[in-house]
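Take a look at the structure below.
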Amino acid sequence: MSTAPTRKRKKAAPKTFKAAYDILKTNAAELQQQDEPDIDNLMTTVEESITAYRVCETRINAVQRALDAAFSEEDSTTIEDSNAN
């Protein structure tokens, strides 16, 4: 009988924030629940987590830029309105 370790297959990069966040939550939970580290799959888990983190980070940054732009437009509209009076 073979006792070769099972390897996780590398998954495609997640397309959405939710999918990426779910990967991060799942990987964190798996790592926390291990009594002994699964060294054979650690690199796959880390690489998958880094990819997911970058998707989340990109999405959060895009939302932040959009909010900054929206509030900037709102501020300039408020200033223009107050100058018109």
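List of remarks:
- Among (1) in a helix (DSSP H, G or I); (2) within 30 Å of Gln64 (Cα to Cα) - the single one Asp40 does not satisfy: (2)
- Scope the range 55-65; condition open to solvent by 60 Å² or more (accessible area, probe 1.4 Å) and either more than 15 Å from Asp22 (Cβ to Cβ) or in contact with an Asp or Glu (Cβ under 6 Å, 6 or more places away or on another chain) (or both); matching residues: Glu57, Thr58, Ile60, Asn61, Val63, Gln64, Arg65
- Here Thr26 does not fit the description of being open to solvent by 50 Å² or more (accessible area, probe 1.4 Å), of a type in the set (S, T, N, Q), modelled with pLDDT under 95 and more than 12 Å from Val55 (Cα to Cα).
The values are calculated or read from the model by the stated rules, or taken from the named source; none is laboratory data. Keep in mind that this is a model prediction, so the values were computed, not measured. Backbone-built Cβ (ideal geometry, glycine too); neighbour counts: all protein chains shown. The protein model used for the area step is the full one, side chains on, heavy atoms only, and it has no ligands, DNA or RNA in it. Shrake-Rupley method; radii C 1.70, N 1.55, O 1.52, S 1.80 Å.
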